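The values are calculated or read from the model by the stated rules, or taken from the named source; none is laboratory data. Remember, it's a predicted structure, so these values are computed and weren't measured experimentally. FYI the Cβ positions are ideal-geometry reconstructions off the backbone, even for glycines, and counts take in every protein chain you see. Accessible surface areas use protein heavy atoms only, side chains included; no ligands, DNA or RNA. Shrake-Rupley method; radii C 1.70, N 1.55, O 1.52, S 1.80 Å.
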Amino acid sequence: DDHFGYTVFSFVYLYILLQAFAIPGPIFLCLLSPTLFGPVTGSSYALQYFCCNIVLMSGASLCFLMSSTLAKQLVLRKFPALFKKFNSMVRKNQHNLFWYMLFLRLTPLIPNWFVNLGSPLVGIPYKYFITASIFGLMPMNFILIQTGQTLK
């Protein structure tokens, strides 16, 4: 309560950092948000949902952009099997990339951190990536916030 602004800034900063560098952990931040920001009231819920959706998109976008410019060789060297699987699945669904990206965001078929890293490398346009991410991750974030509230 005494340092609410600092807490929000730190939470958002950590969330973007974890997402941008494809470090698994934002799930735990969504679970932790009800404890940090209080019970689910209108303002705290809006703040939690903002952090777990809009901030997630910022981090995912940074990861997408960094992967497309800096990390191609790293991804190909460290995750060749996962990249090959992802690339073949994207090629099979080339005619409906938005719906396929939405499906990937709604299901744990391929980990979200790898979807962020691999999407620019397999040729998924940013507009499909970000739009499908916004709509596809909303249900998961809602469930995580509700679970965090229940565990609190």
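When region 17-34 is filtered for residues that are open to solvent by less than 70 Å² (accessible area, probe 1.4 Å) and in a loop (DSSP other than H, G, I, E, B), the ones remaining, listed by number, are ALA22, GLY25. The residues of region 21-35 that are modelled with pLDDT of 80 or more and not aromatic (Phe, Trp, Tyr) amount to a single one, ILE23.
When LEU76 is tested against (1) in a helix (DSSP H, G or I); (2) modelled with pLDDT of 90 or more, only condition (2) is not met.
Taking region 1-16 as the range and being in contact with a Leu (Cβ under 9 Å, 6 or more places away or on another chain) and either surrounded by fewer than 18 Cβ atoms within 10 Å (Cβ to Cβ) or at pLDDT below 75 (or both) as the test, the residues that pass are THR7, VAL8, LEU14.
Looking only at region 88-98, filter to residues that are within 14 Å of PRO125 (Cβ to Cβ) and open to solvent by 30 Å² or more (accessible area, probe 1.4 Å); which one of those is farthest from the chain's Cα centre (by Cα)? Give the steps one after another, and end with the answer.
Looking only at region 88-98, we keep the residues that are within 14 Å of PRO125 (Cβ to Cβ), and these are 90, 93-98.
Checking the rest, the ones that are also open to solvent by 30 Å² or more (accessible area, probe 1.4 Å) come to 93-96, 98.
On the way: ASN93: 21, GLN94: 22, HIS95: 24, ASN96: 21, PHE98: 16 Å.
My answer is HIS95.
Could you tell me whether any residue of region 99-108 is farther than 18 Å from LYS127 by Cα, open to solvent by less than 50 Å² (accessible area, probe 1.4 Å), modelled with pLDDT of 90 or more and not β-branched (Val, Ile, Thr)? The answer is no, given that none of the residues of region 99-108 is farther than 18 Å from LYS127 by Cα, open to solvent by less than 50 Å² (accessible area, probe 1.4 Å), modelled with pLDDT of 90 or more and not β-branched (Val, Ile, Thr).
Only residues that are surrounded by 14 or more Cβ atoms within 10 Å (Cβ to Cβ) and among the aromatic types (Phe, Trp, Tyr): list them for region 109-130, please. Give the steps one after another, and end with the answer.
Residues of region 109-130 surrounded by 14 or more Cβ atoms within 10 Å (Cβ to Cβ): 110-122, 124, 128-130.
TRP113, PHE114, TYR128, PHE129 - these are the residues of region 109-130 that are surrounded by 14 or more Cβ atoms within 10 Å (Cβ to Cβ) and among the aromatic types (Phe, Trp, Tyr).
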